[in-house]
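Visitor: Could you have a look at this structure, given as structure tokens, before my questions?
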Amino acid sequence: MTVNQTLKDVTARITERSRATREAYLERIGEAASRKPVRTMLGCANLAHGFAACNAPDKASLAGDEQLNIGIITAYNDMLSAHQPFETFPQLIKQAAREAGGVAQVAGGVPAMCDGVTQGFAGMELSLFSRDVIAMATAVGLSHDMFDAAVYLGVCDKIVPGLVIGALTFGHLPAIFIPAGPMTSGLPNDEKARIRQLYAEGKVSRAQLLESESRSYHGPGTCTFYGTANSNQMLMEIMGLHIPGSSFINPNTPLRDAMTREATKRALQITACGNAYTPVGAMLDERSFVNAIVGLNATGGSTNHTIHLIAMAAAAGIKLTWHDIAEISAIVPLLARVYPNGLADVNHFHAAGGMGYLIRELLTAGLLHENVRTVWGEGLHDYAIEPYLGENGTVIRKPAPQVSGDPKILAAAEAPFQADGGIKLLTGNIGKAIIKISAVKPERHIIEAPAKIFHDQAELQDAFKAGLLEGDFIAVVRYQGPKANGMPELHKLMTVLGILQDRGQKVALVTDGRLSGASGKVPSAIHVTPEALDHGIIAKIQEGDLIRLDATKGILHLLVSDEELQNRIVPMPDLSRNHYGTGRELFSAFRQIAGHADQGASVF
């Protein structure tokens, strides 16, 4: 198999750009790895504290130098459907570890918030920053230096990126991510979207809307649409952090439990005390992150990962850019149609061949680096499989199917849904932005229209209800960046803009906020940087200014002269209401030091 030349070139460029920081990182984790098993370096009192609450057999094991100890970092809570299944995982992991001659301890918990609950409300302004809190909480859990490997229990939007950043901070330890899986299919996503639109138009009641939503989100597991949570699972598998085939197995099934036991035993096999040592910081190299970008584009994944992947890579000393992501997107065909990029959900995707089929197609097309290290061994070919439950309760794997189980959901590489992944970099005098066009009709890829200015999504909704959104326009929703208010997702804009677009108006969105993958059919320039509060030109746009958004040529331009822009002084709105309540006052330091979106919007 020959790797695509553009993929080689981008990888080489990332490697060269990252050389100094990557070498320094590898040196640090190499030094940390030289102490093994690390708990033998602890004093007797320190060690006694570390196993005081264990049962007698585990205590005896940890008192010696031979038995291996797994640290469990868990995002369990029982409000989030995606994380509720993790309630039973620690006991399952501990038992599997004992069967393999090791020990497992819950090293710590990390917060896990749900963007679906906070969407459109003040809590969403904590969402992006929760990623970095999770990374820090992971470090606190592992700081006791009691562990030879770690397993990570997390699924949703900011949780997995935060866990990866934390894991890479302890990059000398092997790391395996253990998912909980998606909930079973409920109300079809297109029907859910239809009811939402009818409610926005006042044609159905709140009770009818709530019934529709409850039929969509109805049980344990991740939401079944292809947003950031399920994009996370795809990334963990294609980067080799999952054991093969584990991303989309439903919770509370024998196969799910078998995979959790298998992942635990594999974690014990890849410690520094064995012959297959796989420290996560060395395992995840530039090729691993390029593979992640390929997977993101091939599946039409969440645009949140244009921020998260950069932050995750930085934790390993690797410097990614939006240009890298866009250049890879241009050569990677779209092979999956999963809502909001299609009608299917992730259960249908898995049934059609899922990750195994996808990885096999991409490998065959030369669009992945095959010769990468994974938690399973050497080479990504191990992931081109379908998992099944064996008669004895173990996992068996068969080669991925040669033909898609449903060509409307999963396409072959030689006959893709579209020739590229749809994530593009926009540049111009407004700054840099990301746009995802995989669900936007070609005739809407270019729009030149006057600006309508809003300082939050509620203002736009109010204007819609008042009948003020007439004609063609580009909605500029600003002061939504990380420094202004934590960069919330702005999903409530999409229903309104979608309605107007369906009425025949040409509309688009320009914002320094986020949208996940939910922009759908509306052309949306998101993550605009510099943001409004950071002296970005987006702050100088006035009502009625013409803006040109051209997704074909990658242009985002304010059609106002440079001289006029230099002389413009636009008063800043009062943002104090975004700084207090629902815990936002505790994050003032984060807002002050947050980096640009194109640098991962990180506080580190």
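The values are calculated or read from the model by the stated rules, or taken from the named source; none is laboratory data. All of these numbers come straight from a predicted model, not from anything done at the bench. Cβ placement follows ideal geometry from the backbone for every residue including glycine, while neighbour counts extend to all protein chains displayed.
Visitor: Provide a single number: the residues in the stretch 394-441 that are within 18 Å of residue 340 (Cβ to Cβ) and among the hydrophobic types (A, V, I, L, M, F, W, C).
Guide: Number satisfying all stated conditions: 10.
Visitor: Something else: State all residues of the stretch 248-297 that are of a type in the set (Gly, Ala, Ser) and within 25 Å of residue 82 (Cα to Cα); if no residue qualifies, say none.
Guide: Going through the stretch 248-297, the residues of a type in the set (Gly, Ala, Ser) turn out to be 258, 263, 267, 272, 274, 276, 281-282, 288, 292, 295.
Matches in the stretch 248-297: 258, 263, 267, 292, 295.
Visitor: Can you tell me which of 133, 151, 103, 110 is modelled with pLDDT of 95 or more and more than 30 Å from residue 219 (Cα to Cα)? Steps first, please.
Guide: Numbers: 133 fails: more than 30 Å from residue 219 (Cα to Cα); 151 fails: more than 30 Å from residue 219 (Cα to Cα); 110 fails: more than 30 Å from residue 219 (Cα to Cα).
Being modelled with pLDDT of 95 or more and more than 30 Å from residue 219 (Cα to Cα) holds for just one of 133, 151, 103, 110, which is 103.
Visitor: Condition first: crowded, with 22+ Cβ neighbours inside 10 Å and among the hydroxyl-bearing types (Ser, Thr, Tyr). Now tell me which residues in the stretch 409-445 satisfy that.
Guide: 438
Visitor: Please identify the pairs in which a residue from the stretch 129-150 that is of a type in the set (Lys, Arg) has its Cβ atom under 6 Å from the Cβ atom of a residue that is in a helix (DSSP H, G or I) and modelled with pLDDT of 95 or more, counting only partners at least 6 apart or on another chain.
Guide: Going by the 6 Å Cβ cut-off, the qualifying pairs are 131/161; 131/162.
For every residue, the table says whether it meets (1) over 15 Å from the mean Cα position of the chain (by Cα); (2) closer than 24 Å to residue 38 by Cβ.
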site: 263; (1), (2): yes, yes
site: 266; (1), (2): yes, yes
site: 272; (1), (2): yes, yes
site: 289; (1), (2): no, no
site: 292; (1), (2): no, no
site: 309; (1), (2): no, no
site: 328; (1), (2): yes, no
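Visitor: Right, another one. Consider the stretch 1-36. How many of its residues are assigned to a helix (DSSP H, G or I) and farther than 24 Å from residue 367 by Cβ? Let's see the steps before the verdict.
Guide: So in the stretch 1-36, the residues assigned to a helix (DSSP H, G or I) come out as 5-17, 19-33.
Right, trim to farther than 24 Å from residue 367 by Cβ and you get 19-21, 23-33.
Residues meeting the conditions: 14.
Visitor: Scan the stretch 359-380 and tell me whether some residue there is surrounded by fewer than 16 Cβ atoms within 10 Å (Cβ to Cβ) and closer than 25 Å to residue 185 by Cβ.
Guide: Checked against the condition, which is being surrounded by fewer than 16 Cβ atoms within 10 Å (Cβ to Cβ) and closer than 25 Å to residue 185 by Cβ, the stretch 359-380 yields no hits at all.
Visitor: Only one of these conditions is not met by residue 32: (1) at pLDDT 90 or above; (2) touching a Ser or Thr at 6+ places or on another chain (Cβ under 6 Å). Which number is it?
Guide: Of the numbered conditions (1) at pLDDT 90 or above; (2) touching a Ser or Thr at 6+ places or on another chain (Cβ under 6 Å), the odd one out for residue 32 is (2).
Visitor: Now for a separate question. Can you go through 439, 451 and tell me which one is in contact (Cβ under 8 Å) with a residue 40 or more places away in the chain and under 29 Å from residue 564 (Cα atoms)? Walk me through it before giving the result.
Guide: Numbers: 439 fails: under 29 Å from residue 564 (Cα atoms).
Result: 451 is the single residue among 439, 451 that is in contact (Cβ under 8 Å) with a residue 40 or more places away in the chain and under 29 Å from residue 564 (Cα atoms).
Visitor: Separate question: Return a yes/no flag: does the stretch 529-549 have any residue that is assigned to a strand (DSSP E or B), within 24 Å of the chain's Cα centre (by Cα), at pLDDT 95 or above and within 28 Å of residue 196 (Cβ to Cβ).
Guide: The first filter runs over the stretch 529-549 and keeps only residues assigned to a strand (DSSP E or B), leaving 529, 546-549.
Filter again for within 24 Å of the chain's Cα centre (by Cα), leaving 529.
Narrowing further to those that are at pLDDT 95 or above: 529.
Then keep just the ones that are within 28 Å of residue 196 (Cβ to Cβ); that gives none.
No, the stretch 529-549 contains no residue that is assigned to a strand (DSSP E or B), within 24 Å of the chain's Cα centre (by Cα), at pLDDT 95 or above and within 28 Å of residue 196 (Cβ to Cβ).
Visitor: Still on this structure, please answer the following. Restricting to the stretch 48-79, and then to whatever is touching a residue at least 12 places away in the same chain (Cβ under 8 Å) and part of a helix (DSSP H, G or I), can you tell me which residue is farthest from residue 101 (Cα to Cα)? Before the answer, list the steps.
Guide: Going residue by residue through the stretch 48-79, those that are touching a residue at least 12 places away in the same chain (Cβ under 8 Å) are 50-51, 54, 57-58, 61-63, 65, 67-77, 79.
Adding the requirement that they be part of a helix (DSSP H, G or I) leaves 50-51, 57-58, 61-63.
Values: 50: 19, 51: 17, 57: 11, 58: 10, 61: 9, 62: 11, 63: 14 Å.
If we take residues in the stretch 48-79 being touching a residue at least 12 places away in the same chain (Cβ under 8 Å) and part of a helix (DSSP H, G or I), then 50 is farthest from residue 101 (Cα to Cα).
Visitor: Working only within the stretch 226-275, note down all residues that are buried (at least 24 other Cβ atoms within 10 Å of the Cβ), part of a loop (DSSP other than H, G, I, E, B) and at pLDDT below 95.
Guide: Residues satisfying the conditions are 226, 227.
Visitor: Here is a follow-up. Got a number for residues in the stretch 551-570 being within 16 Å of residue 451 (Cβ to Cβ) and of a type outside the set (Gly, Ala, Ser)? Give the steps one after another, and end with the answer.
Guide: So the first thing to find is which residues in the stretch 551-570 are within 16 Å of residue 451 (Cβ to Cβ), and the list is 555-561, 564-565, 568, 570.
Next, only the ones that are of a type outside the set (Gly, Ala, Ser) stay: 555-560, 564-565, 568, 570.
Residues meeting the conditions: 10.
Visitor: If you take the residues in the stretch 447-462 that are within 28 Å of the chain's Cα centre (by Cα) and of a type in the set (A, V, I, L, M), which one is surrounded by the most Cβ atoms within 10 Å (Cβ to Cβ)?
Guide: Within the stretch 447-462, the subset within 28 Å of the chain's Cα centre (by Cα) is 454-458, 460-461.
Now restrict to residues that are of a type in the set (A, V, I, L, M): 458, 460.
Numbers: 458: 11, 460: 24.
The selected residue is 460.
Visitor: Give the residues of the stretch 331-353 that are within 13 Å of residue 295 (Cβ to Cβ), of a type in the set (A, V, I, L, M, F, W, C) and assigned to a loop (DSSP other than H, G, I, E, B), sorted by residue number.
Guide: Listed by number, the residues that qualify are 332, 335.
Visitor: Right, next: Looking only at the stretch 37-46, count every residue that is surrounded by fewer than 17 Cβ atoms within 10 Å (Cβ to Cβ) and in a helix (DSSP H, G or I) and tell me the total. Lay out the reasoning, then the answer.
Guide: Applying the first criterion (surrounded by fewer than 17 Cβ atoms within 10 Å (Cβ to Cβ)) to the stretch 37-46 yields 40-46.
Now drop any that are not in a helix (DSSP H, G or I), which leaves 40-41, 44-46.
Residues flagged as surrounded by fewer than 17 Cβ atoms within 10 Å (Cβ to Cβ) and in a helix (DSSP H, G or I) within the stretch 37-46 amount to 5.
Visitor: Looking only at helices (runs of 4 or more DSSP H) that lie completely in the stretch 439-508, which have at least 2 residues being at positive phi and among the charged types (D, E, K, R)? Please lay out each step first, then the result.
Guide: Working: elements: 457-465, 482-485, 492-502.
Because the criterion is at least 2 residues that are at positive phi and among the charged types (D, E, K, R), no helices (runs of 4 or more DSSP H) in the stretch 439-508 meet it.
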